[in-house]
Protein chains: 2
Amino acid sequence: MRESSFAGCELCDSADEDTLWHDDFCRVILVADPDYAGYCRVILNRHVREMTDLDASRRERLMRVVFAVEAAVRRVMRPDKINLASFGNMVPHLHWHVIPRFADDRHFPNSIWGEPTRAGAVRNTSREAIAAALKELLAG
Amino acid sequence: MRESSFAGCELCDSADEDTLWHDDFCRVILVADPDYAGYCRVILNRHVREMTDLDASRRERLMRVVFAVEAAVRRVMRPDKINLASFGNMVPHLHWHVIPRFADDRHFPNSIWGEPTRAGAVRNTSREAIAAALKELLAG
């Protein structure tokens, strides 16, 4: 269990994550979604519910990582669009979804939480390329 | 039409908006959604596609407004959760959704773009109270 963890919270106590980057504040994981190669999540390492429960400097720190993930995924995958979202309705522990979207993907132009629009093109990406881009973008 | 507008973009050339706050960089509007009282959008005044197409200081400026909307809506409505999202699959002009969520709303715990889970409780809010809170939070 991590520091400031909350019993029963799957993001406080998570085991099977494919971590692309982390520091003591947050981590970036690659989501294993067959329809959405390159789908990443940025997860705060503490059990905090809302962005405005963080102070302004910590909000900026978390968004800096979210935007670095966006930049890394764009560089590697050249998606038609990036989707960003922070919901937490089921797991109220701050995490951001960063999803590369393509015009031929399973839900486009809907959100990935909406109605599918087609079977969806199968895509692959290189986790190593995304991890390397992230490391470079977040250096220093 | 606004500066840096894009022909046919409904967010470049929008008329029927209920604007709660604005400056020369962005505007906050109240969305007329009968299921989601207090649902706001933060819309950049320029036609820009992705957050990482803005420089870091402009990204921070836009997020500062998004988080002020979150804080204002929390103060006025005390929601069970805040949902934040930036998609732009249909209208690729930067805008953020800020949605107060309640356990008895139409889609909870799904996203509002997912499957409805019930008829949804009807709620009202005060646009004047949200606008006043925003003005205070964004002063200075």
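Brief remarks follow.
- Looking across region A:104-123, the residues that are touching a Pro at 6+ places or on another chain (Cβ under 8 Å) and open to solvent by 50 Å² or more (accessible area, probe 1.4 Å) come down to A:ARG106, A:THR117, A:VAL122.
- For region A:38-67, taking the residues that are open to solvent by 60 Å² or more (accessible area, probe 1.4 Å) and over 21 Å from A:SER14 (Cα atoms), the one that is nearest to the chain's Cα centre (by Cα) is identified as A:ARG64.
- For region B:125-140, residues that are open to solvent by less than 70 Å² (accessible area, probe 1.4 Å), without any contact (Cβ under 8 Å) to a residue 40 or more places away in the chain and either part of a helix (DSSP H, G or I) or touching a strand residue (DSSP E or B) at 6+ places or on another chain (Cβ under 9 Å) (or both) total 1.
- Filtered residues of region A:68-103 (kept if among the small types (Gly, Ala, Ser), more than 7 Å from chain B (Cβ to nearest Cβ) and open to solvent by 20 Å² or more (accessible area, probe 1.4 Å)): A:ALA103
- Test: residue in region B:13-20 that is closer than 30 Å to A:HIS93 by Cβ and more than 14 Å from chain A (Cβ to nearest Cβ): yes
- Cβ-Cβ contacts under 7 Å between residues 6 or more apart (or on different chains), taken from a first residue in region A:39-67 that is closer than 14 Å to A:SER86 by Cα and in contact (Cβ under 8 Å) with a residue 60 or more places away in the chain to a second residue that is open to solvent by 10 Å² or more (accessible area, probe 1.4 Å) and part of a strand (DSSP E or B), are listed as A:CYS40/A:LEU20; A:CYS40/A:ILE29; A:CYS40/A:LEU30.
- Some residue of region B:30-37 being open to solvent by 60 Å² or more (accessible area, probe 1.4 Å), more than 10 Å from chain A (Cβ to nearest Cβ) and not aromatic (Phe, Trp, Tyr): yes
The values are calculated or read from the model by the stated rules, or taken from the named source; none is laboratory data. These numbers were taken from a predicted model, which means no experiment stands behind them. For neighbour counting, all protein chains shown are included, and Cβ atoms are generated from backbone atoms with ideal geometry for every residue, glycine included. We work out accessible area using only protein heavy atoms, side chains counted, and drop any ligands, DNA or RNA first. Shrake-Rupley method; radii C 1.70, N 1.55, O 1.52, S 1.80 Å.
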